[in-house]
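Enquirer: Structure below; questions to follow.
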Amino acid sequence: MTESARPQPVTTHEPGVVKVGVVGTGRWAVRSHIPGWQRDPRCQVVGLADVDADLVKAAGDQFGVANVSDDYRTLIEDPEIDVIDVVTGDAMHFEVTMAALEAGKHVLCEKPVHHSYAEVDRAADLAASKGLKTKLGFTFRYAPATMYAAELIREGFVGTPYMLNAYEQNSQWLDPETPLRQQNNPGHPGEIQVASIEGYGAPVIDIMHWWMGSPLTSVVGTMRNFVPERMVRDTGQMTRMNIDDGDMFLAEFDGGGLASVQSSFVTVGNYPGIEVRIYGSEGAIIVRLVEEAGVCQTIRTASKDAVEFVEREIPQRFFPHGGTSLEPWPFLFYSNLVADFATEVLSGEPDNQGDFRQGALVQHTINAFEASHRQRAWVDFPLTPTA
Ligand SMILES: NC(=O)c1ccc[n+]([C@@H]2O[C@H](COP(=O)([O-])OP(=O)(O)OC[C@H]3O[C@@H](n4cnc5c(N)ncnc54)[C@H](O)[C@@H]3O)[C@@H](O)[C@H]2O)c1
């Protein structure tokens, strides 16, 4: 696209103010998104929508938002709104996102935007064609410890990245009685279905691409179903659910770097259970985002001249105003995520980290991992598009 053909960046209707409409007011919206937006003095949550009329009314009362609706289109058609924040269940992410982009709104969407990377790319293209900003709910990219590690990597602390190990694992669904949304593939009941890698592996795959800093060239991996029967949230019945509740894969990068990724929600340990380790020619960094003794994040580093890992204090500039590592992690990390989006939307500059393009790359990686499992073989990256 030539410079003259490139669409003008869209900022906000009122200079310096970001007006937000939140679609879906379930558990995650009230724990992270809405409190995060309301923490930032530049942002105003001006509308809420949920198909559950009682739930959206309760959220409106809790957060002091008068404009509530059981139809998300009310928010999309509202000329006052700059940003649509999509926090519905996965099935509605793409529909709401595309409608919001068509209407000229910037969009923050929970992952996945779509199960197919090509569709996520289509959403990214639509946003680009209209000069709109997008953001994925890559919560852990915005943890102060992760942002500090990224700065250290950028400044050369690690040197050339050699190897990265990424884990996202917790015991959230170790107990089969813990209700889970139905996730079987009705057309293929015998075929293991992607679940944990998409919901739980995605954030560390995002960090893997970001920190390794070179193109992925191939993956090999496997999915497992360890807990065959589970309580389905909507029916309250124990049901066969053939999903990947544990995954492992290896990745090769241009230039020779290697990564391993392990993701599961049946592994003993506290939520959210993220750990990413990067080892390079000059040094190494270990970031842990695991709530332990009330502390939600740590960063430890070592260098080739001082190989014993030591904990680093995270500089205050990586926290929202008044924030600490003792806050609940959904509130702390999401405060940073939405503040970053507000800055990007207000700036009118091209900066847009963790956007749909990055979401498409992460989804593409998951699609390649799934293909490798099904073929029981290394799969080259990028995948060859199918007609
Ligand atoms: N990024 C993270 O770390 C993280 C953490 C937790 C959840 N999530 C994601 O957040 C999303 C929401 O999760 P949750 O636990 O809050 O689920 P939830 O089921 O509690 O809430 C989803 C809400 O969306 C509403 N909804 C469904 N269809 C709608 C429609 N057409 N219009 C308006 N509202 C609609 C439902 O009524 C429900 O209240 C999911 O995609 C989940 O994967 C992300």
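The values are calculated or read from the model by the stated rules, or taken from the named source; none is laboratory data. All values reported here derive from a predicted model rather than from experimental measurement. Here the Cβ positions follow ideal geometry from the backbone for every residue, glycine too, while neighbour counts run over all protein chains shown.
Enquirer: Evaluate the range 27-45: report whether one residue or more is modelled with pLDDT of 95 or more, near the ligand (Cβ under 9 Å from one of its atoms), farther than 23 Å from His115 by Cα and aliphatic (A, V, I, L, M). Steps first, please.
Expert: Initial filter on the range 27-45 (modelled with pLDDT of 95 or more): 27-45.
If we keep only those that are near the ligand (Cβ under 9 Å from one of its atoms) too, we end up with 27-33.
Those still in the list that are farther than 23 Å from His115 by Cα too: 30-32.
Checking which are aliphatic (A, V, I, L, M) leaves us with 30.
Yes, that holds for at least one residue.
Enquirer: Follow-up. Give just the number: which of (1) of a type outside the set (Lys, Arg); (2) within 15 Å of the ligand (Cβ to nearest atom); (3) part of a helix (DSSP H, G or I) does Leu108 not satisfy?
Expert: Among (1) of a type outside the set (Lys, Arg); (2) within 15 Å of the ligand (Cβ to nearest atom); (3) part of a helix (DSSP H, G or I), the lone unmet condition for Leu108 is (3).
Enquirer: Farther than 16 Å from Phe341 by Cα and either away from the ligand (no atom under 15 Å from the Cβ) or assigned to a helix (DSSP H, G or I) (or both) - does that describe any residue in the range 77-86? Show your work before the answer.
Expert: The initial filter retains those residues of the range 77-86 that are farther than 16 Å from Phe341 by Cα, namely 77-80.
Within this subset, residues satisfying the condition of being either away from the ligand (no atom under 15 Å from the Cβ) or assigned to a helix (DSSP H, G or I) (or both) are 79-80.
Looking through the range 77-86, at least one residue is farther than 16 Å from Phe341 by Cα and either away from the ligand (no atom under 15 Å from the Cβ) or assigned to a helix (DSSP H, G or I) (or both).
Enquirer: For the subset of the range 365-387 comprising residues that are of a type in the set (S, T, N, Q) and touching a helix residue (DSSP H, G or I) at 6+ places or on another chain (Cβ under 8 Å), which member is surrounded by the most Cβ atoms within 10 Å (Cβ to Cβ)? Step through it out loud before you land on a result.
Expert: Within the range 365-387, the subset of a type in the set (S, T, N, Q) is 365, 367, 372, 375, 384, 386.
Going one step further and asking which of them are touching a helix residue (DSSP H, G or I) at 6+ places or on another chain (Cβ under 8 Å), we end up with 365, 367.
Numbers: Thr365: 26, Asn367: 21.
By that ranking, first place goes to Thr365.
Enquirer: From Ile299, Ile274, Ile285, Ile278, which residue is surrounded by 14 or more Cβ atoms within 10 Å (Cβ to Cβ), within 16 Å of the ligand (Cβ to nearest atom) and part of a strand (DSSP E or B)? Steps first, answer last, please.
Expert: Numbers: Ile299 fails: within 16 Å of the ligand (Cβ to nearest atom); Ile285 fails: within 16 Å of the ligand (Cβ to nearest atom); Ile278 fails: within 16 Å of the ligand (Cβ to nearest atom).
The conditions single out Ile274.
Enquirer: Among Lys130, Lys135, which is touching an Asp or Glu at 6+ places or on another chain (Cβ under 9 Å), within 20 Å of Gln358 (Cβ to Cβ) and surrounded by fewer than 20 Cβ atoms within 10 Å (Cβ to Cβ)? Steps first, please.
Expert: Values: Lys135 fails: surrounded by fewer than 20 Cβ atoms within 10 Å (Cβ to Cβ).
Answer to the check: Lys130.
Enquirer: Of these, Val30, Val96, Val45, Val65, which one is surrounded by fewer than 21 Cβ atoms within 10 Å (Cβ to Cβ), out of contact with any Asp or Glu (no Cβ under 7 Å at 6 or more places or on another chain) and either among the aliphatic types (A, V, I, L, M) or within 26 Å of Phe319 (Cβ to Cβ) (or both)? Even if it seems obvious, please write down each step before you answer.
Expert: Details: Val96 fails: surrounded by fewer than 21 Cβ atoms within 10 Å (Cβ to Cβ); Val45 fails: surrounded by fewer than 21 Cβ atoms within 10 Å (Cβ to Cβ); Val65 fails: surrounded by fewer than 21 Cβ atoms within 10 Å (Cβ to Cβ).
After ruling out the rest, the residue left standing is Val30.
Enquirer: Of all residues in the range 201-226 being of a type in the set (A, V, I, L, M, F, W, C) and in contact with an Asp or Glu (Cβ under 6 Å, 6 or more places away or on another chain), which is surrounded by the most Cβ atoms within 10 Å (Cβ to Cβ)?
Expert: The first filter runs over the range 201-226 and keeps only residues of a type in the set (A, V, I, L, M, F, W, C), leaving 202, 204-205, 207-208, 210-212, 216, 219-220, 223, 226.
Checking the rest, the ones that are also in contact with an Asp or Glu (Cβ under 6 Å, 6 or more places away or on another chain) come to 204, 223, 226.
Values: Val204: 28, Met223: 23, Phe226: 13.
Here the residue is Val204.
Enquirer: Would you tally the residues in the range 76-92 being surrounded by 13 or more Cβ atoms within 10 Å (Cβ to Cβ) and within 14 Å of Cys109 (Cβ to Cβ)? Spell out how you get there, then give the answer.
Expert: Keep residues of the range 76-92 that are surrounded by 13 or more Cβ atoms within 10 Å (Cβ to Cβ), which gives 76, 78, 80-88, 90, 92.
Right, trim to within 14 Å of Cys109 (Cβ to Cβ) and you get 76, 83-88, 90, 92.
Residues that pass the stated criteria total 9.
Enquirer: Now a separate question. Of the residues Glu151, Glu119, Glu77, Glu102, which single one is under 22 Å from His364 (Cβ atoms), out of contact with any Phe, Trp or Tyr (no Cβ under 6 Å at 6 or more places or on another chain) and of a type in the set (Asp, Glu)? Walk me through it before giving the result.
Expert: Numbers: Glu151 fails: under 22 Å from His364 (Cβ atoms); Glu77 fails: under 22 Å from His364 (Cβ atoms); Glu102 fails: under 22 Å from His364 (Cβ atoms).
Answer to the check: Glu119.
Enquirer: Further question on the same structure: Within the range 87-105, track down each residue that is more than 21 Å from Glu344 (Cβ to Cβ), at pLDDT 95 or above, assigned to a helix (DSSP H, G or I) and within 11 Å of the ligand (Cβ to nearest atom).
Expert: Let us first name the residues in the range 87-105 that are more than 21 Å from Glu344 (Cβ to Cβ), namely 88-92, 94-95, 99.
Right, trim to at pLDDT 95 or above and you get 88, 92, 94-95, 99.
Now drop any that are not assigned to a helix (DSSP H, G or I), which leaves 92, 94-95, 99.
Within the range 87-105, Met92, Glu95, Ala99 meet the criteria.
Enquirer: Say we look at the range 327-374 and pick out the residues that are among the charged types (D, E, K, R) and assigned to a loop (DSSP other than H, G, I, E, B); which of these is farthest from Ile81 (Cα to Cα)? Talk me through it step by step, then tell me what you get.
Expert: Here is the first cut: in the range 327-374, the ones among the charged types (D, E, K, R) are 327, 340, 344, 349, 351, 355, 357, 370, 374.
If we keep only those that are assigned to a loop (DSSP other than H, G, I, E, B) too, we end up with 327, 349, 351, 355.
Working: Glu327: 30, Glu349: 20, Asp351: 21, Asp355: 20 Å.
Within the range 327-374, the match that is farthest from Ile81 (Cα to Cα) is Glu327.
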